[in-house]
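First comes the structure, then the notes that go with it.
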Amino acid sequence: MGQCYFSGSNSGEGFHNYFDGVVPAWAHLTRYFMIKGGPGVGKSTLMKRVAAKAEEAGEEVERFYCSGDPDSLDAVRLVKRGIVFADATSPHTMDPQFPGAVEEIVNLGEQIDRNRIVKYRDEVEALTRKNKLGYRRGYAFLRAAKALEEERYREIAECVDREKIAKQAKEIAERIGTREERQSRRLFLDALSCKGRVSFTKEHCEGNRVYRVLGEGKDVVTDLLSKAIQNDRKELFCSPLCPQYVNHMLLREQELFLTTAGGNDGTLLTTKEFMKRDCHRITEHYGSEARRLEEAAMLCFEECKQVHDALEGIYRECVDFSAVTERTERILDLLWEL
């Protein structure tokens, strides 16, 4: 299986979108299929079939999962051929910039039987409103968690010895031979979801030289280190709660992965090595309270998933899936003609 990411996040700012990171600035883009349609019409299923067929043919595939529902795909990228399939509906609505030349709309919503779906109009509207309310509740908890996390970051950052950070960054750079920084890519490896906190960090450790930052304030030290290491084509994986902070960094060409993820393998860096003084004891409480608020938010997202499943169930009754399957097969055949 190829690499997995989240292109968006349920954050303290609401839904935070890094969809522009699906295609790195240094990568070529041949075709971009923007998939439209309501819930349950087969958008994620189409992308899963594309990814499976590409891997069967030996292609490198990147999967981008939904932060709200980690079982569902938001996008798939066929790396070498520069082909992308993406869910172009809310909350990451997209429209073509170069219609036909680069992007193509795949509208699976055309297969919804209007004569059938209108009979469920009241129920669809009620479930949609309930889903929005559930996310609003969840984001209220995350806004409060973000405020605590940002204060925690500021207080810990004041205790960090920046000269030691710079020295460590220089040592890492000398070992791997870094280059002038020009381009970077931002995505997420972690999500606050309906299934709890989900992470793809483990697979990114495989095959790379791993640097693990451990201890209280490890996220602050990792963020400062990742920004101090100057290198072209940095892949920065941000905090799902506070997207302005970096939790993990990958230098693909140098095969280096810097992470806050726990473990005993690789080079272990403890936060005490980088502190000029101890932090106030209250900083630990900031973090524990932020985690408690995250848990409350994820309970809201769990309820949202149940509502969304009910909404999908209605739409599935009103979709001509034989036509969806036929459209999917045509697209799969087209891919291997490109």
Centre separation in Å (Cα based) which lies between the range 112-189 and the range 266-312: 12 Å
In the range 117-205, GluC sites (Glu not before Pro) in a DSSP loop with at most 10 other beta-carbon atoms within 10 Å: 180
Residues of type aspartates and glutamates that residue 167 reaches as a straight line, Cα spacing below 16 Å, ignoring anything fewer than 8 places off in the same chain: 223, 273
Whole-Hz ³J(HN,Hα) from phi, Karplus 6.51 cos²θ - 1.76 cosθ + 1.60, for the range 182-195, glycine and proline x: 10, 9, 9, 10, 10, 8, 10, 10, 10, 9, 9, 10, 5, 9
Within a Gaussian network of the chain (alpha carbon springs, distance under 10 Å), most fluctuating of 254, 183, 97: 97
For the chain, convex hull volume per residue from C-alpha positions, Å³: 132 Å³
Antiparallel DSSP beta bridges within the chain, as percent of all bridges there, nearest 5: 50 percent
Residues 299, 236 arranged by fewest to most Cβ contacts within 10 Å: 299, 236
Among beta bridges that DSSP assigns inside the range 136-289, antiparallel share in %, nearest 5: 50 percent
Qualifying GluC sites (Glu not before Pro) in the range 239-338, DSSP loop, other Cβ atoms within 10 Å at most 15: 253, 255, 317, 337
Net dipole in debye of the range 161-275 [+1 Lys, Arg Cβ; -1 Asp, Glu Cβ; about Cα centre; nearest 20]: 160 debye
Reachable lysines from residue 36, criterion Cα separation under 28 angstrom, eight or more residues apart if same chain: 48, 53, 80, 119, 130, 132, 195, 305
Partner lysines for residue 170 [C-alpha distance under 24 Å; skip if fewer than 8 residues away on the same chain]: 218, 227, 234, 272, 276
Sequence of 249, 275 once ranked by neighbouring C-beta atoms within 10 Å, starting from the fewest: 275, 249
For the range 98-103, Karplus couplings with θ = phi - 60° (6.51, -1.76, 1.60), whole Hz, Gly/Pro x: 10, x, x, 6, 10, 8
Those trypsin sites (Lys or Arg not before Pro) in the range 199-288 that DSSP places in a loop and that have at most 12 other beta carbons within 10 Å: 276, 277, 281
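Laboratory data are not the source of any read-out in this text; all were calculated from the coordinates shown. Since the model is a prediction, treat every value here as computed from it, not as a measurement. Cβ coordinates were reconstructed from backbone atoms using ideal geometry, including for glycine residues, and neighbour counts include every protein chain displayed.
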